[in-house]
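The structure appears right after this line, and notes come after that.
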Amino acid sequence: MIYSGSAISVAAVGEGIAELKLDLAGESVNKLDKATLQEFDAATQAIARDGSVKGVIVTSGKGVFIVGADITEFGGMFAQGEQAIVRSVLEVNRMFCRFEDLPVPTVAAINGICLGGGTELALSCDYRVMSTAARIGVPEVKLGIFPGFGGTVRLPRLLGVDNAVEWIATGSEKRSDAAFKDGAVDAVVESDKLRQAALDLVKQCVAGKLDWQGKRAEKLAPLKLNATEQAMAFTSSMAVVGAQAGPNYPAPMLALKAMQAAAGLGRDAALEVEAKHFAKAAVTPQAEALIGLFLADQAVKKIAAGWAKKGVREIRQAAVLGAGIMGGGIAYQSAVKGTPIIMKDIRDEALALGMSEAGKLLSKQVEKGRMKPEALTETLSRIRPTLNYGDFAGVDIIIEAVVENAKVKKAVFAEVEGLVREDAIIASNTSTISITSLAESMRRPQNFVGMHFFNPVHMMPLVEVIRGARSSDAAIAATVALARRMGKTPIVVNDCPGFLVNRVLFPYFAGFHMLLRDGADFQAVDKVMERFGWPMGPAYLMDVVGMDTAVHAAAVMAEGFPDRMRADFTSTTTVMVDAGRYGQKNGKGYYVYAPDKKGRPKKSVDPASYDLIAPVVAARREFTPEEIIARCMVPMVNEIARCLEEKIVATPYEADMALIYGIGFPPFRGGACRYVDQAGAASFVSLCDQYASLGKLYQAPKLLRDMAASGKRFFA
């Protein structure tokens, strides 16, 4: 044994070849934490001292190669400031360079997921062989940073500027065929032939059949482009990347600037340029928020996995009541992930609509090459449309997706409860109505939960699993397990009107309505909030949600929280609904809609909207962007704090991810709790006090005031 550690070992495997194996003890994956990096450097030095080594292959003892750096270590490093970050990444780069400079050829055998720092380690090898089952990429821009262990230096020298920019700026994972085509790997083989292929390749190098030294030299030298060619390549790339990334995501442009500044330099000087630009990205608020978001996502998934493990039985047969767009979406999602589902309605045309909805979604998968035609037929066969309850005796869970009316829902529950097994779970897809109140007349309320999907079901990752006053842990656990199997991220919340997401969304809408009441232009508000980072402004969002749906939900919220959600004025949305303008669903709302070339609704301004709302709004006046943001965001953030106070949601992680996944809260801001942390609780409370005269929605709750007084944060 040449070297042995807890994450890395090096052993001679014959003919002068050494195998450096990555196999982190006690973990299911390999990652580049500090300890592993130190072992990698120690292993490199052990190889260098062993004169018998003629070549090295790098392999993995796990089902993945390396998933990347240990992101939990980023916070401490990034908090030290730019100079400390530069020193830290350059130290890692020195380790990779020592390996790259070994006087023998090196070959990486990429057997599975290879991301971030794992890809950069592989790039320090002379050759890379990849399994057909593997994936490779540098996804760091999704964390607000970019490859800092040599990725912006080695990738353009291996792939060319255009390909390197695409890899780095998009952060997408690449299949083996795409990686080979771009030049990131030198060979692709089946998984069972990978290690032998790496051995054969390194032996060819040792035998002098391959010019491994010349191949290595390409990575050590400046880019093979003259000044004019460099200017053209980077100018065009910056125009495209700048337009796509926008001002809220600085990392891709910083990566391009690093690549351009280092293009004419040798490896070591280029790495210093990369480190300085990397440090600038690492200290941005976007990096803090996006790294926090990644960790929050991991925490939420861990919590959901914990719930799922509590489940005493598996959901093998599901049913959905109601076959409209929502019911069809739920049926599709269940079927496409492998759980058979019965779709029940009282009308043939509704069943036809639900099956059509599922069929359209599956056809799109086939068109995009993500599904084979025969799989479409197989998936559709898992959806069984019916007009009666004949097959419900064997159903494990029934998901209700009928009209949002408490009386109708209660009637449906009373009917279905007598037709299913005593241990069958009944779940309501209600978006606002209290689960506890819906369960009042049920004989088995312990088996009743909320399972709130977001529209469109196939695209929105969140499912709120709502615990009523008498919902059992077993019912919650089974529902969480089903949501996970359906490919969703479930978050368990306690019962209240609107639950979590809608409860905090409607104060945001209330702030918008008060702005219009006081003379703001809804187009101006939309533009400001879209620049803030929302995918669409509040007026546009209500058009998409449906004006009538919004008014109904607002009434439920007003009844549940009259002290702050009952308006003392007529909202512009109410006026729209009274005039028969429901938004995109009938082509008229705040905006008007007509199909574009692809058949999608395209909005345009309608002067009639202003005429309609004129009687309920003040004379038009300008509001600063800061005022508009504060008046929309303060009510939402305050309501999130109240939900945490009342234990509606258990953790800030879950609160933030619910907003990200449920309503598109700007990811680069990290969620409402992260938004407060970055502003500082004291500053945010001061902002609340500035607008407190507008009503209780703007008055900071006790949780935030206590945080302001003690200097605490939601996240350490």
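Return yes or no: is residue 653 within 19 Å of residue 581 (Cα to Cα) and either of a type outside the set (Asp, Glu) or at pLDDT below 95 (or both)? Here the answer is no, as residue 653 does not meet what is asked. Among the candidates 474, 427, 439, the residue that is more than 30 Å from residue 543 (Cβ to Cβ), buried (at least 21 other Cβ atoms within 10 Å of the Cβ) and more than 23 Å from the chain's Cα centre (by Cα) is uniquely 439. Among residues of the stretch 535-557 that are assigned by TED's automatic domain parsing to the domain that holds residue 628, those with a Cβ under 7 angstrom from a residue that is among the acidic types (Asp, Glu) and surrounded by fewer than 19 Cβ atoms within 10 Å (Cβ to Cβ), sequence gap 6+ or separate chain, pair up as 536/530; 537/530; 552/404.
Pairs are defined by a Cβ separation below 6 Å, a sequence spacing of at least 6 or placement on different chains, a first member in the stretch 700-716 that is outside the structural domain of residue 687 (by TED's automatic domain parsing) and at pLDDT 95 or above, and a second member that is crowded, with 20+ Cβ neighbours inside 10 Å and assigned to a loop (DSSP other than H, G, I, E, B); no pair meets this definition.
Only one of 233, 261, 243, 239 is within 30 Å of residue 289 (Cβ to Cβ) and touching a helix residue (DSSP H, G or I) at 6+ places or on another chain (Cβ under 6 Å). Can you tell me which?
Going through 233, 261, 243, 239 in turn, just one is within 30 Å of residue 289 (Cβ to Cβ) and touching a helix residue (DSSP H, G or I) at 6+ places or on another chain (Cβ under 6 Å): 261.
In this entry, residue 183 passes the filter for residues that are in contact with a helix residue (DSSP H, G or I) (Cβ under 8 Å, 6 or more places away or on another chain), at positive phi, in the same structural domain as residue 157 (by TED's automatic domain parsing) and at pLDDT 95 or above. Residue under question is residue 529, and the condition is that it be touching a Phe, Trp or Tyr at 6+ places or on another chain (Cβ under 8 Å), under 28 Å from residue 691 (Cβ atoms) and in the same structural domain as residue 636 (by TED's automatic domain parsing); does it hold? When the stated conditions are applied, residue 529 does not pass them.
Say we look at the stretch 12-34 and pick out the residues that are loosely packed, with under 13 Cβ neighbours inside 10 Å and free of Cβ contacts under 8 Å to residues at least 60 places away in the same chain; which of these is farthest from the chain's Cα centre (by Cα)? The selected residue is 14.
The helices (runs of 4 or more DSSP H) found entirely in the stretch 1-100 that carry 3 or more residues being closer than 17 Å to residue 147 by Cα are 74-78, 82-100. Of the candidates 126, 162, 177, the single residue that is among the charged types (D, E, K, R) and touching a helix residue (DSSP H, G or I) at 6+ places or on another chain (Cβ under 6 Å) is 126.
For the stretch 422-440, the tally of residues that are outside any strand (DSSP E or B), free of Cβ contacts under 8 Å to residues at least 40 places away in the same chain and among the polar types (S, T, N, Q) stands at 2. Considering the stretch 497-530, the residues that are closer than 15 Å to residue 621 by Cα and aromatic (Phe, Trp, Tyr) include one that is surrounded by the most Cβ atoms within 10 Å (Cβ to Cβ), namely 512.
Considering each residue of the stretch 555-591, count those that are of a type in the set (A, V, I, L, M, F, W, C) and either in contact with a Cys (Cβ under 6 Å, 6 or more places away or on another chain) or not in a helix (DSSP H, G or I) (or both), and give that number.
4
With the condition kept exactly as written, say whether any residue in the stretch 206-214 is closer than 28 Å to residue 130 by Cβ, assigned to a loop (DSSP other than H, G, I, E, B), modelled with pLDDT under 95 and in contact with a Pro (Cβ under 8 Å, 6 or more places away or on another chain). Within the stretch 206-214, not a single residue is closer than 28 Å to residue 130 by Cβ, assigned to a loop (DSSP other than H, G, I, E, B), modelled with pLDDT under 95 and in contact with a Pro (Cβ under 8 Å, 6 or more places away or on another chain).
Here is the figure for the stretch 286-334: residues that are assigned to a helix (DSSP H, G or I), among the β-branched types (Val, Ile, Thr) and assigned by TED's automatic domain parsing to the domain that holds residue 430 total 2.
Each row is one residue, and each column tells you yes or no for (1) under 30 Å from residue 448 (Cα atoms); (2) not charged (D, E, K, R).
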position	(1), (2)
366	no, yes
371	no, yes
374	no, no
377	no, yes
383	yes, yes
389	yes, yes
397	yes, yes
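Residues are listed down the side, and each one gets a yes or a no for (1) under 31 Å from the mean Cα position of the chain (by Cα); (2) over 28 Å from residue 501 (Cα atoms); (3) of a type in the set (Phe, Trp, Tyr):
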| site | (1), (2), (3) |
| --- | --- |
| 543 | yes, no, no |
| 555 | no, no, no |
| 559 | no, no, no |
| 581 | no, no, no |
| 595 | yes, yes, no |
| 602 | yes, no, no |
| 611 | no, yes, no |
| 615 | no, yes, no |
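Screening residue 131 against (1) touching a strand residue (DSSP E or B) at 6+ places or on another chain (Cβ under 7 Å); (2) surrounded by fewer than 21 Cβ atoms within 10 Å (Cβ to Cβ); (3) under 23 Å from residue 205 (Cα atoms) leaves a single unmet condition, (2).
Quick one: how many residues across the stretch 373-399 are among the small types (Gly, Ala, Ser) and assigned to a helix (DSSP H, G or I)?
Total satisfying the criteria: 3.
Pairs linking a residue in the stretch 43-72 that is exposed (fewer than 15 other Cβ atoms within 10 Å of the Cβ) to a residue that is assigned to a strand (DSSP E or B) and of a type in the set (D, E, K, R), with Cβ atoms under 6 Å and 6 or more positions apart or on different chains, are 61/21.
When the residues of the stretch 532-587 are filtered to those that are closer than 21 Å to residue 695 by Cβ and of a type in the set (S, T, N, Q), which remaining residue is surrounded by the most Cβ atoms within 10 Å (Cβ to Cβ)? So the residue we want is 573. In the condition set (1) in the same structural domain as residue 429 (by TED's automatic domain parsing); (2) surrounded by fewer than 17 Cβ atoms within 10 Å (Cβ to Cβ); (3) part of a helix (DSSP H, G or I), residue 240 is compliant with all but (1).
The values are calculated or read from the model by the stated rules, or taken from the named source; none is laboratory data. Just so it is clear, the structure is predicted and the values come from calculations on it, not from any experiment. Positions of Cβ are backbone-derived with ideal geometry, glycine not excepted, and every protein chain shown enters the neighbour counts.
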